[in-house]
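A.B. asks: Just dropping this structure here.
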Amino acid sequence: MTVTFLDVHKTLRQKNKRTKVFEAACAVFASDSITGILSAPGAGKTTAANLTTGKLRPDLGRVQRSSLVSFPVASGGVFNGSLTGRENLAFLCRVFGFDPRPIIKFVVDFTELGVAIDKPFKLYNRDERTKLMFASCYAIPFDVYVVDESMIGGRGQFRDKCDELVRERMKTAGFIVFSSSPSLLRKYCNELYVIDNLGLHKADSIEGAVAMTGEALLKEGEGYTETVSDGGDSDIINP
């Protein structure tokens, strides 16, 4: 099972500005690998993540998914602020074809949100929002999890539990981790690509990936977010 970029072209359009991100980009990401994609900030990391999940579509070419691919971990855009945490989880489970009952139970137990699971998402405080957003993605048994910089989140004990959950998921699922941090990819990934010159290029090592990208353009980080900002209404998901 794979996620495959086949001759992908993508240009972002904002008012009168056009930014070409990919031109004939090709890559194959296996669902049994922990794949890291190193990118300088602003070089197309989030665009590539959104193409991978189906939130964005190529202008030309195809992104072929033969695995069940997650929405980006801790993406607030998949939560509707007017729905409760429980209702948001039920909706996500239906979209991806899972029975919501065991997944909701897992999230409630894992996050210890208690009665907060039944209040509207827009009324969650930062800690509640962070717990729900990270736990929700990892609670669903995807074949491939997509990470855009932030792999784990929360404070104290929840952060430790989140890290343990990620390592458990890595035993049975693939990960595609988009990041500007060489140390994050070195810690987790066994396959590496870089985003450079409008393409996706395979690298033999993290040192090679850094050399291809340019060390001065990168930034270090642990892939950790203590709290997340407000999430908006739901984006369209294309599983």
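A.B. asks: If you take the residues in the stretch 1-29 that are farther than 16 Å from residue 146 by Cβ and among the hydroxyl-bearing types (Ser, Thr, Tyr), which one is surrounded by the fewest Cβ atoms within 10 Å (Cβ to Cβ)?
C.D. replies: Restricting to residues being farther than 16 Å from residue 146 by Cβ and among the hydroxyl-bearing types (Ser, Thr, Tyr), the top hit is 19.
A.B. asks: Another question about this same structure. Contact list please: Cβ distance under 7 Å, first residue in the stretch 10-21 and over 13 Å from residue 59 (Cα atoms), second residue among the aliphatic types (A, V, I, L, M) and surrounded by fewer than 12 Cβ atoms within 10 Å (Cβ to Cβ), pairs at least six apart or on different chains.
C.D. replies: Taking only residues 6 or more apart or on different chains, not a single pair turns up.
A.B. asks: Quickly run through the stretch 205-227 and pick out the residues that are over 17 Å from residue 189 (Cβ atoms), of a type outside the set (A, V, I, L, M, F, W, C) and not in a loop (DSSP other than H, G, I, E, B).
C.D. replies: The answer is 215, 225.
A.B. asks: Also, quick follow-up: Looking for whichever is touching a Leu at 6+ places or on another chain (Cβ under 9 Å) and of a type in the set (Gly, Ala, Ser) here; the options are 114, 97. Which one fits?
C.D. replies: Details: 114 fails: touching a Leu at 6+ places or on another chain (Cβ under 9 Å).
Of 114, 97, the one residue that is touching a Leu at 6+ places or on another chain (Cβ under 9 Å) and of a type in the set (Gly, Ala, Ser) is 97.
A.B. asks: Just give me the residues in the stretch 28-45 being farther than 20 Å from residue 181 by Cβ and touching a residue at least 60 places away in the same chain (Cβ under 8 Å), in sequence order. Explain how you work it out, then say what you get.
C.D. replies: Within the stretch 28-45, the first condition is being farther than 20 Å from residue 181 by Cβ, and the residues that meet it are 28, 30-32.
Matches in the stretch 28-45: 30, 31, 32.
A.B. asks: Here's a follow-up. Any idea which of (1) among the hydrophobic types (A, V, I, L, M, F, W, C); (2) part of a strand (DSSP E or B); (3) surrounded by fewer than 22 Cβ atoms within 10 Å (Cβ to Cβ) is the one residue 177 doesn't satisfy?
C.D. replies: The one condition residue 177 does not meet is (3).
A.B. asks: Among the numbered criteria (1) at pLDDT below 95; (2) part of a helix (DSSP H, G or I), which single criterion is violated by residue 150?
C.D. replies: Unmet condition: (2).
A.B. asks: For residue 215, indicate whether it is of a type in the set (D, E, K, R), more than 30 Å from residue 112 (Cα to Cα) and out of contact with any Ser or Thr (no Cβ under 6 Å at 6 or more places or on another chain). Step through it out loud before you land on a result.
C.D. replies: Numbers: of a type in the set (D, E, K, R): yes; more than 30 Å from residue 112 (Cα to Cα): yes; out of contact with any Ser or Thr (no Cβ under 6 Å at 6 or more places or on another chain): yes.
Criteria met by residue 215.
A.B. asks: Keeping to the stretch 180-228, report how many residues are within 26 Å of residue 23 (Cβ to Cβ) and of a type in the set (Asp, Glu).
C.D. replies: Going through the stretch 180-228 one residue at a time, the tally reaches 4.
A.B. asks: Restricting to the stretch 192-208, name every residue that is crowded, with 18+ Cβ neighbours inside 10 Å and of a type in the set (Asp, Glu).
C.D. replies: The one that is crowded, with 18+ Cβ neighbours inside 10 Å and of a type in the set (Asp, Glu): 196.
A.B. asks: Is one or more of the residues making up the stretch 110-120 buried (at least 22 other Cβ atoms within 10 Å of the Cβ) and under 17 Å from residue 80 (Cβ atoms)? Spell out the reasoning first.
C.D. replies: The initial filter retains those residues of the stretch 110-120 that are buried (at least 22 other Cβ atoms within 10 Å of the Cβ), namely 111.
Going one step further and asking which of them are under 17 Å from residue 80 (Cβ atoms), we end up with none.
Within the stretch 110-120, not a single residue is buried (at least 22 other Cβ atoms within 10 Å of the Cβ) and under 17 Å from residue 80 (Cβ atoms).
The values are calculated or read from the model by the stated rules, or taken from the named source; none is laboratory data. Here the structure is a predicted model, which means the values were calculated and not measured. Heads up, the Cβs are rebuilt from the backbone with ideal geometry, glycines too, and the neighbour counts pull from every protein chain shown.
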